[in-house]
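The values are calculated or read from the model by the stated rules, or taken from the named source; none is laboratory data. Predicted model only: the values in this text are computed from it and were never measured. Cβ: placed from backbone, ideal geometry, glycine included. Neighbour counts: every protein chain shown.
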Amino acid sequence: EKGGYKHFMAKEIAEQPVVLADALRHYVPGERLNLPETLDFSSLDRLTLVACGTAFYACQIAKYWFETLAALPCEVDIASEFRYREPPLPQRSFAIFVSQSGETADTLAALRYCRGRVARVISVVNVETSTMARESDLALPIMAGPEVGVASTKAFTCQLAVLFLMALKAGLDRGTIDQDRLRQLLDSLNRLPGLMNQAIGSESEIARIAESVAEAQDVLFLGRGAMFPLAMEGALKLKEISYIHAEGYASGELKHGPIALIDKTVPVIVLAPRDRLFDKTVSNMQEVMARHGKVVLITDREGENAAADGTWRSLVMPEVAPELAPILYAVPAQLLAYHAAVAKGTDVDQPRNLAKSVTVE
Ligand code: M6R
């Protein structure tokens, strides 16, 4: 059932181009956005996104999309905090719950709290028969197929794709995106499965980097913009399956504390697609190198030409529309964690102390 792979996680990483293409066929038949008309964002004051773990990082990335593409203010929270904070919610808002399983106890409790308090309760789930799907006004399936590995991989990238499409719909509804821009972004999205395949093609190179990273005690991941939550997701992936301590930071926060950790033993993974913040990320990276941190720069070919001098390792990703970089760059982050865990000989699919679905708080 692992289809020739050593672990479910490896299989699920490799499946991403195919399941993403399936989801796109469903949600974008032809050039049209196939989302329910009732999902109308036009008169909303706010969006609230709630989830746990990897799904929470997907929400944090989506915040950048909803804000920049649809000018829609977003609040994002971890379900275990949200549910007990009992926040006031504007009636003219949607609450979106993102969960692979659709059964996570805290996310479900947060969903129940929102019922009757917001205009619409929406879930974004992988399991269409799940409790969350049943209890929401609208459930959007991410169509990733069964995910067995405890570390979430293909569910994450499919969650991102569905959230991105929702942000496009929001942009159309609110008049911040016109048909040309829509077509452009959908074109980029349709090219993404192919780009992911190319990223997976770098697996042996990533495995070599991972073998060196596996020797570290601590690892930092850095990014700006939507790559900041991806940095936290990369760190979560690494810690949960390889048991290496890792943190994700916004590059701009480095000098507010974490740079004190840097010495020649600390690998620093810099997620730097060539977007409008590239130069700023590179200058943070150079501050790390000045303190002898071992920088792994992940960027595209031009980014490598411009900035790889003096780095410990660099890894070239295909060029991608900046909006979609978090989905593409998830692949090397996942493969890095996977191969570090393999190098350490840990139980990749069933890491210690963890369950696939957290149905008790
Ligand atoms: O089923 P859910 O998406 O609600 O699960 C949320 C988290 O428990 C989950 O993403 C967890 O963080 C993963 N083990 C991360 O790889």
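Here are the numbers for the structure shown:
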{"item": "Pair list, Cβ under 6 Å, 6 or more apart: segment 344-361 residue under 16 Å from residue 54 (Cβ atoms) and at pLDDT 90 or above, other residue in a loop (DSSP other than H, G, I, E, B) and not basic (Lys, Arg)", "result": "348/7; 349/7; 349/149; 351/150; 354/150; 356/150; 358/104"}
{"item": "Set 324, 328, 315: member being in a strand (DSSP E or B), under 28 Å from residue 195 (Cα atoms), of a type outside the set (Ser, Thr, Tyr) and in contact (Cβ under 8 Å) with a residue 60 or more places away in the chain", "result": "315"}
{"item": "Residue check, residue 12 within 19 Å of the chain's Cα centre (by Cα) and either more than 14 Å from the ligand (Cβ to nearest atom) or within 26 Å of residue 346 (Cβ to Cβ) (or both)", "result": "yes"}
{"item": "Of residues in segment 331-361 being in a loop (DSSP other than H, G, I, E, B) and among the β-branched types (Val, Ile, Thr), the one nearest to the ligand (Cβ to nearest atom)", "result": "358"}
{"item": "Restricting segment 98-115 to residues that are more than 18 Å from residue 47 (Cα to Cα) and not small (Gly, Ala, Ser), the residue that is farthest from the ligand (Cβ to nearest atom)", "result": "106"}
{"item": "Hey, residue 133 under 19 Å from residue 54 (Cα atoms), under 24 Å from the mean Cα position of the chain (by Cα) and in contact (Cβ under 8 Å) with a residue 40 or more places away in the chain or not", "result": "no"}
{"item": "In segment 192-221, the residues that are assigned to a loop (DSSP other than H, G, I, E, B) and aliphatic (A, V, I, L, M)", "result": "214, 216"}
{"item": "Those residues of segment 304-361 which are surrounded by 17 or more Cβ atoms within 10 Å (Cβ to Cβ) and of a type in the set (Ser, Thr, Tyr), in sequence order", "result": "311, 314, 329, 338, 346"}
{"item": "So residue 298, is it under 24 Å from residue 343 (Cβ atoms) and either small (Gly, Ala, Ser) or outside any loop (DSSP other than H, G, I, E, B) (or both)", "result": "yes"}
{"item": "Residue selected from segment 117-129 under the condition under 22 Å from the mean Cα position of the chain (by Cα) and under 13 Å from residue 103 (Cβ atoms), by the criterion surrounded by the fewest Cβ atoms within 10 Å (Cβ to Cβ)", "result": "128"}
{"item": "Residues satisfying the stated conditions in segment 90-106, i.e. free of Cβ contacts under 8 Å to residues at least 40 places away in the same chain and farther than 23 Å from residue 133 by Cβ", "result": "91"}
{"item": "Candidate set: segment 243-258, residues that are within 19 Å of the chain's Cα centre (by Cα) and not charged (D, E, K, R); chosen: the one surrounded by the most Cβ atoms within 10 Å (Cβ to Cβ)", "result": "251"}
{"item": "Test for residue 208: is it without any contact (Cβ under 8 Å) to a residue 60 or more places away in the chain, surrounded by fewer than 23 Cβ atoms within 10 Å (Cβ to Cβ), under 12 Å from residue 336 (Cα atoms) and not aromatic (Phe, Trp, Tyr)", "result": "yes"}
{"item": "Count - residues of segment 158-208 that are among the polar types (S, T, N, Q), closer than 13 Å to residue 327 by Cβ and touching a strand residue (DSSP E or B) at 6+ places or on another chain (Cβ under 7 Å)", "result": "1"}
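Here is a yes/no grid of residues against (1) away from the ligand (no atom under 16 Å from the Cβ); (2) touching a residue at least 60 places away in the same chain (Cβ under 8 Å):
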{"residue": "21", "(1), (2)": "yes, yes"}
{"residue": "28", "(1), (2)": "yes, yes"}
{"residue": "55", "(1), (2)": "no, yes"}
{"residue": "71", "(1), (2)": "yes, yes"}
{"residue": "74", "(1), (2)": "yes, no"}
{"residue": "79", "(1), (2)": "no, no"}
{"residue": "88", "(1), (2)": "yes, no"}
